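First up is the structure itself, then whatever we jot down about it.
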Amino acid sequence: MSRYHRMPFGAETGFEGTRFGLWAPEAESVDLLLETPEDSTDGSPVPGGGRILPMDRHDEGWFQCMVPDATEGTLYRFCPRGPLNPDSLWVPDPASRFQPRGVHAASEVIDPDRYSWGDAAWVGRPWEEAVLYELHVGTFTPEGTYLGVIERLDHLADLGVTALELMPVAAGPGRWGWGYDGVNLFAPFAPYGRPEGLKQLVDHAHQRGLMVFMDVVYNHFGPEGNYLNLYAKSFFDESRHTPWGAAINYSSRMVRDFTIHNALYWLEEFHIDGLRLDAVHAIEDANTPHILEELADAVHHGPAVGRHIHLVLENDKNEARFLTRGEDGRPTHYTAQWNDDIHHCFHTLLTDESQGYYADYADDPGVLLARCLSEGFAWQGQPSGHRAGARRGEPSAHLPPTAFVSFIQNHDQIGNRAFGERLSDLIGVRAVEAAQALLLLAPQIPLMFMGEEWDAENPFLYFTDVGEDLADAVRDGRRGEFKSFPEFASPEARERIPDPVAEATFTRSRLDWTDLKHERCARHLAFVRNLLDLRRREVTPRLPGIPGGKAEAFWHDTSVTRGRIIEARWTLGDGSMLSVLSNLNPTPQGNATRPNGRVIYESNTDDWPDAKTMPEWTTVWFLFDGQI
């Protein structure tokens, strides 16, 4: 079977040929250039050879052209002529399905009907079964391709994860990058493989029972390769700016449709199971409905009919209203949010770091961790010192724990460190295991970052491949981010920060799979696999119907210095109670009262000094099967 998401723009194949469509409201006319592979170059403004066809003007800034002999593999560009493009530059299609030679070169016609799917019976998995595994395609394997990921799917299925989460794969500049500066949002990044390679990855994942999620970026376009200002300047609102440039103009109907179609395209044409929307706090929209609500409604009334599709937010504003549940307990709009709060609580507890945004957590990390475990967000409307006193967040205790994605590591929290250190570089393995045991068995949806399952040693650094005109600015900007940190106060110290545009920075971030031959890594892999197997057997079956407002958590300050015992308990969907005691401290701690229930897991099997004193770095889980 094939899958095709039809759109009003881009190159749409059919029985009569290929229809090319471009929204160019600021252009006076638009020409279409059809190229052969021999004609195409990597960015000359006026390519040699090929065939030029005028496009017909339609209402509201649309230009279209039907070409009977344009088929799969045809290369094409547009020339929108007008005052914004005085040099008559030829530009790629912003809705291109593939950019085989990069974001400055010709687009390629793709016929989605050519790929035959083998997962016709796949309808996804319920959200309660989700165990997310975040990976970067370019550094996950030595090959750095979609097909390379396929070779490791058995590892992930055996580990016990149920969902891959791909960092963005939309086409951006260069040969490598994190993916958050995409400019051709419908085109899979060519260095990872062709579109059919990504489809094969999704297909093979589904055949192993694995969901596939994808990060998408709807708050900005990257700084290189974005040609929209040459013919569709109204795509952006120059009066409002984000950290990445002019805000996207979501007051425009066409812009809203472009974004909504992009979400539906990945979910339908690539059979993706879920989207994680990056940094939606940077999206400004005063319209009703908000673009986030309209997008979610389009998904729920479209590809989500008859399928399990999950929409997840990254939202620094902690806006609980986007996570509301209906009377049936199902998400009204978004299934969950990445909970940075819980990461920051864990991190400050385990490392004692207090720079940057960690300052908001440093004074009471245990109290805030207890709030995260029982209520979701740590910040629910209180003034944030890191944000100059601005109030952050909304009350979230009414939401079920499954409305939050928890993690102790991810691409941001590793890669945004100057040297990309993983958590095990900062603390001992016993501390990591105590935190992982707390994370992976809690009712919140857990996420791990690639290599975390075996305690990988290599860093994950910030890397990008941009043109020389941007390289110095990116390099200086990256190092300037750390100027306020005491250890990087001097220019000499900042020079030690890896160059983000150097190829070596990218290659150092690649996972080393030979780690698994080492006893330490094999032991840690078995540790994580055991936890996830226990989650599958004891926790996941009890999560459907888990209520909000039925959890409690306490921080027991048991020492003169700073004790670190956390106690939490949740009423699960079947009425049973799950409880945890966790000593996140390098010394034994007293005042630990064991709750009712059988012990289902203990991260540290050392003898307790006495009935109420927990050994250091110990997490113990209890399950009470009786009705509460």
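Summary of values
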{"read-out": "Number of the condition not met by residue 243 [criteria: (1) within 30 Å of residue 445 (Cα to Cα); (2) modelled with pLDDT of 95 or more; (3) out of contact with any strand residue (DSSP E or B) (no Cβ under 8 Å at 6 or more places or on another chain)]", "value": "(2)"}
{"read-out": "Number of positions in the range 359-383 that are closer than 14 Å to residue 316 by Cα, in contact (Cβ under 8 Å) with a residue 12 or more places away in the chain and of a type outside the set (S, T, N, Q)", "value": "6"}
{"read-out": "Elements of type helices (runs of 4 or more DSSP H) in the range 401-513, at least 2 residues being at pLDDT 95 or above and either in contact with a helix residue (DSSP H, G or I) (Cβ under 9 Å, 6 or more places away or on another chain) or not assigned by TED's automatic domain parsing to the domain that holds residue 371 (or both)", "value": "411-415, 429-441, 503-508"}
{"read-out": "Extreme residue, surrounded by the most Cβ atoms within 10 Å (Cβ to Cβ), among residues of the range 97-116 that are of a type in the set (Lys, Arg) and part of a loop (DSSP other than H, G, I, E, B)", "value": "97"}
{"read-out": "Residues of the range 440-474 satisfying the condition of being touching a residue at least 60 places away in the same chain (Cβ under 8 Å) and among the aliphatic types (A, V, I, L, M)", "value": "440, 441, 442, 445, 447, 448, 450, 456, 466, 470"}
{"read-out": "Options 321, 330; residue that is touching a residue at least 24 places away in the same chain (Cβ under 8 Å) and more than 24 Å from residue 436 (Cβ to Cβ)", "value": "321"}
{"read-out": "Filtered residues of the range 148-191 (kept if in contact with a helix residue (DSSP H, G or I) (Cβ under 9 Å, 6 or more places away or on another chain), closer than 22 Å to residue 228 by Cα and outside any loop (DSSP other than H, G, I, E, B))", "value": "170, 171, 177, 185, 186, 187, 188"}
{"read-out": "Pairs with Cβ under 9 Å, 6+ apart, first in the range 288-299 and part of a loop (DSSP other than H, G, I, E, B), second among the charged types (D, E, K, R) and modelled with pLDDT of 95 or more", "value": "289/297"}
{"read-out": "The range 117-140 residues that are more than 22 Å from residue 304 (Cα to Cα), paired with ones that are buried (at least 19 other Cβ atoms within 10 Å of the Cβ) and of a type in the set (Ser, Thr, Tyr) (beta carbon under 6 Å, 6 or more apart)", "value": "137/192; 139/509"}
{"read-out": "All positions within the range 111-130 that are under 21 Å from residue 216 (Cβ atoms) and within 19 Å of the chain's Cα centre (by Cα)", "value": "124, 125, 127, 130"}
{"read-out": "The listed residue being surrounded by fewer than 23 Cβ atoms within 10 Å (Cβ to Cβ) and outside any strand (DSSP E or B), out of 93, 119", "value": "119"}
{"read-out": "Lone qualifier among 294, 238 - being crowded, with 17+ Cβ neighbours inside 10 Å and more than 18 Å from the chain's Cα centre (by Cα)", "value": "294"}
{"read-out": "Answer residue from the range 520-565, given it is assigned to a strand (DSSP E or B) and at pLDDT 95 or above and is farthest from residue 400 (Cα to Cα) among those", "value": "553"}
{"read-out": "Residue within the range 262-270 that is within 20 Å of residue 118 (Cβ to Cβ), touching a residue at least 60 places away in the same chain (Cβ under 8 Å), within 19 Å of the chain's Cα centre (by Cα) and assigned to a loop (DSSP other than H, G, I, E, B) present", "value": "yes"}
{"read-out": "Within the range 340-389, considering residues that are part of a loop (DSSP other than H, G, I, E, B) and hydroxyl-bearing (Ser, Thr, Tyr), the one nearest to residue 423 (Cα to Cα)", "value": "354"}
{"read-out": "Some residue of the range 598-609 being crowded, with 21+ Cβ neighbours inside 10 Å, touching a residue at least 40 places away in the same chain (Cβ under 8 Å) and on the phi > 0 side of the Ramachandran plot", "value": "no"}
{"read-out": "Output for the range 1-35, where each listed residue is without any contact (Cβ under 8 Å) to a residue 12 or more places away in the chain and surrounded by fewer than 17 Cβ atoms within 10 Å (Cβ to Cβ)", "value": "6, 14, 15"}
{"read-out": "Criterion: at pLDDT below 95 and either touching a Phe, Trp or Tyr at 6+ places or on another chain (Cβ under 8 Å) or assigned to a helix (DSSP H, G or I) (or both) - qualifying residue of 60, 134", "value": "60"}
{"read-out": "Answer residue from the range 502-519, given it is without any contact (Cβ under 8 Å) to a residue 40 or more places away in the chain and of a type in the set (Val, Ile, Thr) and is farthest from residue 476 (Cα to Cα) among those", "value": "514"}
{"read-out": "Tally, over the range 241-257, of residues that are more than 25 Å from the chain's Cα centre (by Cα) and part of a helix (DSSP H, G or I)", "value": "2"}
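The values are calculated or read from the model by the stated rules, or taken from the named source; none is laboratory data. Predicted model only: the values in this text are computed from it and were never measured. Glycine gets a Cβ as well: all are built from the backbone with ideal geometry, and neighbour counts include every protein chain shown.
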